[in-house]
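The values are calculated or read from the model by the stated rules, or taken from the named source; none is laboratory data. Treat the numbers as computed from the prediction; the structure is a model and nothing was measured. Don't worry about glycine lacking a Cβ; one is built from the backbone with ideal geometry, like all the others, and counts go over all protein chains shown.
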Amino acid sequence: MADLVSHPDEVKVISKRFSKGATNLDRYLELDGYKAVEKALAMTPDDIINLVKNSGLRGRGGAGFSTGMKWSFVPKQSAKPKYILCNGDESEPGTCKDRMIFEHDPHAVIEGVMIAGLAVGATQGYIYIRGEYRYLSIIMQKAIADAYARGFLGKNIFGSGKNFDVYWHGGAGAYEVGEESALMESLEGKRGIPRIRPPFPAVVGLWGGPTVINNAETLASVPHIMLGGAEWYAGLGTPKNGGTRLFCLSGHVNRPGVYELAMGYNLKKMIYDVGGGIPGGKKLKAVVPGGSSCPCLTADEIDVAMDFDSMMKAGSMLGSGGVVIVDETTCMVKFALRTMAFYQHESCGWCIPCREGTDWLKKTLKRFHSGGGVMKDIDNMQYLSENMLGRTFCPLGDAAAMPTIAFVKKFRKEFEAHLDGKPCPYEHVAEPVMA
Amino acid sequence: MKFSDEFEKRFREMLTHYPTKRSCLVPTLLYAQDEAGYLSDEVIAEIAGRLELTELDVRNVISYYSMLITKPRGKFDVQVCTNIACMLRGGEELLEHCSKKLGIGHKGTTPDGVFSLEEVECIGACSWAPAVQVNYDFHENLTIAKMDKILEEYKQKA
């Protein structure tokens, strides 16, 4: 069980039931549980979709696509069954937020799946939880069973004449399965190889039926929007970036933890006020603002609003909410190498630019960090990364290339300091910060 | 091949969750592995038969997922995360310490079969780094001293 933290600047929406015993169904009902579904049952599908559109809710998995818009792409009529698929295969390095939702508020996810189902005319939902989170799939299995026992799931839910089934599904260790099309392949019992798009999952998804795939945090936000209204939710954030989100502070920061802050919260304040600054009074070197696939920002680029559009303007991405803080003693070549080693390990090998690109980049960075680099490598790394962009079925190739381009561009001097067989200049400086 | 009653109950239930039998494959493999220790030829044949797949189909899936193994390992699998958030807070030092203490490297198993060691990718404990999973249990905000105590406790349990 992960420790909880809090800060006065937090706006608790998704996290308002954390540590309130809401895994217990009776307790959840006391805390406004399942009222959102009842409300949705009295609305038309179009009204639900418009409400979510107007709330400005955007996908919390990383891409930041409008949730209401995504739902509206599902065809009204379909010969095949429609499905809702909750993506709880959280595995972007730096991200540990869905874990908190499943641990403290599993029924909110179930409610979100049901409301999405009512909006698009689906009667079945799947909640996919990564294999490493075994204790969370146990919590979820119990939550689902409790909801069935009470008649909230199954036939004739809440006496509405409508049926809805929710199932859990467990993974077995694969980052790539967090990508929507690989997620469907995995659920269908196959290797998590991505599918080409179009057709998009909203039209041809699970077992060929139209499928809505949303991140667990996105779906857990939906019941709150149903009850609080679109205007209220949109007003919490910045224009076109509605609501709040869970930010996971990690790395060189005094108070790491998962904090719920309004969209558009200032990154500098997040690091220094919410996170309490850098341990030992050290200087900030870089921040990876939204999980390892997001281009890093340097210390003088952090006076920026943490919403999807502002981060895009700043040359990075809001991503999955994983804010990794890096102090001045860290070698960025090593950091780049560890990042690339991850992507090389996780590449499924289906698309050549990703399979070969991650491997070459890892090898080059490894050689470079150990003093075997030459000047030409620096430009080659950038060239290679740029040529991976947009040339793969799924965004894993982009996720590997984008941060690498930023590391090379923004920390070129550090790369150059490793040239001519010189030992890593940070090797004797960096000390791990242990609790 | 004999699995527990709990496994059988879960398996029967899972078959009703999907329009295709094959969809049960990934979670079923993991649960089977939890009981058998690893996915032996016998386990693979059994699951392939139950889901009407070829053994090749099943092996093809197994090789994709990092948690699925086809060779035995120790009773307690010590999985040390060294990905970026853990690296910044001592994940690599923790791995090196475990390696020295247990006398085994990445994916090695102690001669008494009690421990295996693995360097793993992000386990979703970034805000509580450095973190280790032993089988499915999370251990977070670790130090070398805490790690020693944890290993000692598992050794007692063995």
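Within the stretch A:298-326, residues that are of a type in the set (Asp, Glu) sit with their Cβ atoms under 8 Å from residues that are modelled with pLDDT of 95 or more and in a helix (DSSP H, G or I), at 6+ positions apart or across chains, in these pairs: A:303/A:267; A:303/A:268.
Residues are listed down the side, and each one gets a yes or a no for (1) closer than 25 Å to residue A:346 by Cβ; (2) in contact with a Pro (Cβ under 6 Å, 6 or more places away or on another chain); (3) hydrophobic (A, V, I, L, M, F, W, C):
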position: A:360; (1), (2), (3): yes, no, yes
position: A:365; (1), (2), (3): yes, no, yes
position: A:368; (1), (2), (3): yes, no, yes
position: A:373; (1), (2), (3): yes, no, no
position: A:383; (1), (2), (3): yes, no, no
position: A:391; (1), (2), (3): yes, yes, no
position: A:394; (1), (2), (3): yes, yes, yes
position: A:402; (1), (2), (3): yes, yes, yes
position: A:409; (1), (2), (3): yes, no, no
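Here is a check on your reading of the model: is residue B:47 within 27 Å of residue B:112 (Cα to Cα) and either more than 14 Å from chain A (Cβ to nearest Cβ) or more than 11 Å from the chain's Cα centre (by Cα) (or both)?
No: the conditions fail for residue B:47.
Out of the stretch A:44-66, which residues are of a type in the set (S, T, N, Q) and either touching a Cys at 6+ places or on another chain (Cβ under 9 Å) or buried (at least 16 other Cβ atoms within 10 Å of the Cβ) (or both)? Matches in the stretch A:44-66: A:50, A:54, A:55, A:66. Looking across the stretch A:32-69, just one residue is outside any helix (DSSP H, G or I), within 17 Å of residue A:244 (Cβ to Cβ) and of a type in the set (A, V, I, L, M), and that is A:57.
When residue A:78 is tested against the conditions (1) in a loop (DSSP other than H, G, I, E, B); (2) within 13 Å of chain B (Cβ to nearest Cβ); (3) not acidic (Asp, Glu), the lone failure is (2). Which residues, taken from the stretch A:127-144, are facing chain B (nearest Cβ under 9 Å), part of a helix (DSSP H, G or I) and small (Gly, Ala, Ser)? Once the filter is applied, which keeps residues that are facing chain B (nearest Cβ under 9 Å), part of a helix (DSSP H, G or I) and small (Gly, Ala, Ser), the stretch A:127-144 yields only A:137.
Selection within the stretch A:178-226: residues that are among the charged types (D, E, K, R) and not in a loop (DSSP other than H, G, I, E, B). The member of this set that is nearest to residue A:392 (Cα to Cα) is A:180. Limited to the stretch A:13-42, what total is found for residues that are free of Cβ contacts under 8 Å to residues at least 12 places away in the same chain and aliphatic (A, V, I, L, M)? Residues that pass the stated criteria total 2.
What's the number of the condition residue A:291 fails, among (1) farther than 14 Å from residue B:127 by Cα; (2) touching a residue at least 40 places away in the same chain (Cβ under 8 Å)? Unmet for residue A:291, out of (1) farther than 14 Å from residue B:127 by Cα; (2) touching a residue at least 40 places away in the same chain (Cβ under 8 Å): (1).
Only one entry of A:170, A:161 meets the criterion of being among the small types (Gly, Ala, Ser) and under 22 Å from residue B:57 (Cα atoms), and that entry is A:170. Going through (1) touching an Asp or Glu at 6+ places or on another chain (Cβ under 8 Å); (2) part of a loop (DSSP other than H, G, I, E, B); (3) crowded, with 16+ Cβ neighbours inside 10 Å one by one, residue A:87 falls short only on (2). For the residues A:355, A:367, the requirement of being assigned to a helix (DSSP H, G or I), surrounded by fewer than 17 Cβ atoms within 10 Å (Cβ to Cβ), out of contact with any Phe, Trp or Tyr (no Cβ under 6 Å at 6 or more places or on another chain) and more than 13 Å from chain B (Cβ to nearest Cβ) singles out A:367.
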